[in-house]
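S.K.: Starting off with a structure, shown below.
The values are calculated or read from the model by the stated rules, or taken from the named source; none is laboratory data. Predicted model only: the values in this text are computed from it and were never measured. Every residue, glycine as well, gets a Cβ built from its backbone with ideal geometry; the counts of neighbours run over all protein chains shown.
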Ligand code: G3P
Ligand code: MG
């Protein structure tokens, strides 16, 4: 049984109230009492790690095309806030380093790897984490479990988590097939039941369902004993947990 109070993890910062994956969004998550944030990463042509959900610029910036087809110098002045609302015009695409600089030490950072980029992402990410001295704060997750396995094999110190959106027969047992030590499960909240959470927690895994935004879903997840919740509305969940 998980006795610890679940942590609030701001999805792409506080994506319900600020443009996702921007410094404004991460700052808002901190202000709203989140203990952690989730973010997504891609890599530029010249090897910089950029925080953005999509591999393309079109939806959340005034640029277009693939992030990996551009150098950072092409991307650093793009607007990543105006699409969300005028109040956020001037927000930029952040580098991973800039997000780390914004967040206090000890703050939980869930880095979601969207693509392997032929191995370039894991190399760049591990080099960055080693240099940051903040390996302990980080959990790297991905829907690509082979990437996760390679990352853990390359750097045993880093914590890794499995993202998925399927109601597995045995969530905890699946991690055994990975052949590396898995720290956490990150299931879609519709894909994990109370008994699965209990079994996962009992086997030493943390469970962080995504992306939970409604009150009824918060209650359902909290009742199942999860370790933390990934939400677009950190303030909403914070308020519920502090009642
Ligand atoms: O990491 C949880 C969640 O972010 C996974 O899906 O598409 O929102 O990145 P997505
Ligand atoms: Mg994500």
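S.K.: Could you say which residue among 91, 118 is crowded, with 18+ Cβ neighbours inside 10 Å, more than 17 Å from the chain's Cα centre (by Cα) and more than 16 Å from ligand 2 (Cβ to nearest atom)? Steps first, answer last, please.
M.R.: Values: 118 fails: crowded, with 18+ Cβ neighbours inside 10 Å.
Result: 91 is the single residue among 91, 118 that is crowded, with 18+ Cβ neighbours inside 10 Å, more than 17 Å from the chain's Cα centre (by Cα) and more than 16 Å from ligand 2 (Cβ to nearest atom).
S.K.: Give 29, 15, 34, 24 a once-over and let me know the one that is within 16 Å of ligand 2 (Cβ to nearest atom) and part of a helix (DSSP H, G or I). Working first, answer last.
M.R.: On the way: 15 fails: part of a helix (DSSP H, G or I); 34 fails: part of a helix (DSSP H, G or I); 24 fails: within 16 Å of ligand 2 (Cβ to nearest atom).
Exactly one residue qualifies, and that residue is 29.
S.K.: May I pose another question? Here are some conditions: (1) surrounded by fewer than 18 Cβ atoms within 10 Å (Cβ to Cβ); (2) modelled with pLDDT under 95. Residue 171 meets all but one. Which one does it not meet?
M.R.: Residue 171 satisfies every listed condition except (1).
S.K.: Could I ask something else about it? Looking only at segment 1-22, count every residue that is at pLDDT 95 or above, surrounded by fewer than 20 Cβ atoms within 10 Å (Cβ to Cβ) and out of contact with any strand residue (DSSP E or B) (no Cβ under 9 Å at 6 or more places or on another chain) and tell me the total.
M.R.: 1
S.K.: Can you go through 51, 99 and tell me which one is closer than 16 Å to residue 114 by Cα and under 22 Å from the mean Cα position of the chain (by Cα)?
M.R.: Details: 99 fails: closer than 16 Å to residue 114 by Cα.
Within the list 51, 99, the selection yields 51.
S.K.: Mind listing whichever residues of segment 201-226 are assigned to a loop (DSSP other than H, G, I, E, B), out of contact with any helix residue (DSSP H, G or I) (no Cβ under 7 Å at 6 or more places or on another chain), more than 11 Å from ligand 1 (Cβ to nearest atom) and closer than 21 Å to residue 141 by Cα?
M.R.: Residues satisfying the conditions are 204, 213.
S.K.: Could you list, in sequence order, the residues of segment 23-80 that are surrounded by fewer than 16 Cβ atoms within 10 Å (Cβ to Cβ) and within 14 Å of ligand 1 (Cβ to nearest atom)?
M.R.: 59 - this is the single residue of segment 23-80 that is surrounded by fewer than 16 Cβ atoms within 10 Å (Cβ to Cβ) and within 14 Å of ligand 1 (Cβ to nearest atom).
S.K.: Return the pair list, or none, for Cβ contacts closer than 6 Å from residues in segment 95-112 that are more than 17 Å from residue 32 (Cβ to Cβ) to residues that are assigned to a helix (DSSP H, G or I), at least 6 apart or on different chains.
M.R.: Once the first residue is more than 17 Å from residue 32 (Cβ to Cβ) and sits in segment 95-112, its partners that are assigned to a helix (DSSP H, G or I) give 100/132.
S.K.: Pick out, from segment 44-138, the helices (runs of 4 or more DSSP H) lying fully within it that include 1 or more residues that are within 30 Å of residue 227 (Cβ to Cβ).
M.R.: Values: elements: 72-75, 96-102, 120-132.
Here the list reads 96-102, 120-132.
S.K.: For residues that are within 13 Å of ligand 1 (Cβ to nearest atom) and assigned to a helix (DSSP H, G or I), tally how many sit in segment 139-170.
M.R.: Selection size over segment 139-170: 1.
S.K.: Go through segment 191-210 and give me each residue that's in contact (Cβ under 8 Å) with a residue 24 or more places away in the chain, within 16 Å of ligand 2 (Cβ to nearest atom) and under 14 Å from residue 166 (Cα atoms).
M.R.: Answer for segment 191-210, where residues must be in contact (Cβ under 8 Å) with a residue 24 or more places away in the chain, within 16 Å of ligand 2 (Cβ to nearest atom) and under 14 Å from residue 166 (Cα atoms): 191, 210.
Residue-by-condition table, conditions (1) at positive phi; (2) touching a strand residue (DSSP E or B) at 6+ places or on another chain (Cβ under 6 Å):
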residue	(1), (2)
179	yes, no
196	no, no
234	no, yes
237	no, yes
